[in-house]
Amino acid sequence: MTVAVQVPLVVGAAAFGLVFGSFVTALSYRLPRGISIADGRSRCALCGHALAARDLVPVLSWAAHGGRCRHCGGRVSPRYPAIELVSMLLFMCAAIVVSDPVQVTLLLAMTPPLLALAVIDLEQRRLPNILIAVLAPLLLLWRWRTGGDFPTGVGVALAIFLAATALNAAMRRVAPDAPPLLGGGDGKLMAGAALALPLPQYFLFMTVAGLFGLTLGVIWRWQKGEPRFPFGPAIVSALWLVLAAGRFLPF
Ligand SMILES: [Zn+2]
């Protein structure tokens, strides 16, 4: 189990990571607002000025103008370079850690929708179905590539989705006014993870997601003073980690 770093591959992954990160910034802004991703070019959120190619170079455009819009001078949110950099790091890590070419392609394909889900849940408290639907076939392909069987994956995923739905229904009966224990999207994402992961890895994924969730919950309460926090980012980061670390796991 060695990790051989192929420099050209990692440099290429970094470049693609920046480009797809830029796509995620636009997608995670447009999707919850119902703006088509194909709808014209990006505009400054403050002054509406259409952005030129040179305003859209990931990270560099933001840094070159000191985090301000070139037209109105308004502050451009650091979410843009932050998402682009996270995307770049994830792409680089995937290229370094995952050795199988099909698996690395699948993980790279899953990274933008997973990152978009985390960002949208953090900002809007939503997990759009369309992104989960995009992930589902990729997760099933992952199972195929890692030698798992489809019926078990689909069966476990269905069972988890039904369990999450039943849990929420039971909670609504017991405490009708309380917010749902798990958002609908959370249950779907947890079910989606079962499409890809064999059970031992799935339990590891749930444990990691729980620990990340606890951490995020503490930070959320401390920073925002709200007891309810978005669980999606914890689920997607745990899923990404277990997928990436798969070949190092003894089970
Ligand atoms: Zn502007």
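The values are calculated or read from the model by the stated rules, or taken from the named source; none is laboratory data. Only a predicted model underlies this, so the values are computations on that prediction, with no experimental measurement involved. Note: ideal-geometry Cβ built from the backbone for every residue, glycine included; neighbour counts use all protein chains shown.
The residues of the range 58-74 that are surrounded by 15 or more Cβ atoms within 10 Å (Cβ to Cβ) and away from the ligand (no atom under 16 Å from the Cβ), listed by number, are P58, V59.
With respect to (1) under 22 Å from V11 (Cβ atoms); (2) among the hydrophobic types (A, V, I, L, M, F, W, C); (3) not assigned by TED's automatic domain parsing to the domain that holds G17, the lone exception for C93 is condition (3). Right, I235: β-branched (V, I, T), exposed (fewer than 13 other Cβ atoms within 10 Å of the Cβ) and assigned by TED's automatic domain parsing to the domain that holds A133 or not? No; evaluated as a whole, the condition is false for this residue.
The single residue among L46, L51 that is under 24 Å from L122 (Cβ atoms), within 16 Å of the ligand (Cβ to nearest atom), touching a strand residue (DSSP E or B) at 6+ places or on another chain (Cβ under 9 Å) and in contact (Cβ under 8 Å) with a residue 24 or more places away in the chain turns out to be L46. Exactly one of these conditions fails for I37: (1) at pLDDT below 90; (2) farther than 24 Å from V236 by Cα; (3) not hydroxyl-bearing (S, T, Y). Give me its number. For I37, the exception is condition (2).
Here is a yes/no grid of residues against (1) free of Cβ contacts under 8 Å to residues at least 60 places away in the same chain; (2) out of contact with any Lys or Arg (no Cβ under 8 Å at 6 or more places or on another chain); (3) surrounded by fewer than 19 Cβ atoms within 10 Å (Cβ to Cβ):
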{"site": "P112", "(1), (2), (3)": "no, yes, no"}
{"site": "R126", "(1), (2), (3)": "no, yes, yes"}
{"site": "L141", "(1), (2), (3)": "yes, yes, yes"}
{"site": "F161", "(1), (2), (3)": "yes, no, yes"}
{"site": "R173", "(1), (2), (3)": "yes, yes, yes"}
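Table: residues versus (1) crowded, with 17+ Cβ neighbours inside 10 Å; (2) assigned to a helix (DSSP H, G or I); (3) at pLDDT 95 or above.
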{"residue": "L158", "(1), (2), (3)": "no, yes, yes"}
{"residue": "L182", "(1), (2), (3)": "yes, no, no"}
{"residue": "V208", "(1), (2), (3)": "yes, yes, yes"}
{"residue": "F212", "(1), (2), (3)": "yes, yes, yes"}
{"residue": "P227", "(1), (2), (3)": "no, no, no"}
{"residue": "L243", "(1), (2), (3)": "yes, yes, yes"}
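For first residues located in the range 1-28 and under 14 Å from A94 (Cα atoms) and assigned by TED's automatic domain parsing to the domain that holds L114, partners that are modelled with pLDDT of 90 or more and assigned to a helix (DSSP H, G or I) and lie 6+ apart or on another chain with Cβ distances below 9 Å do not occur.
The sole residue among V134, V102, V86, V119 that is assigned to a helix (DSSP H, G or I), within 16 Å of the chain's Cα centre (by Cα) and closer than 27 Å to V154 by Cβ is V134.
Condition check: surrounded by 13 or more Cβ atoms within 10 Å (Cβ to Cβ), in the same structural domain as A245 (by TED's automatic domain parsing) and away from the ligand (no atom under 16 Å from the Cβ). Does L107 satisfy that? Yes, satisfied.
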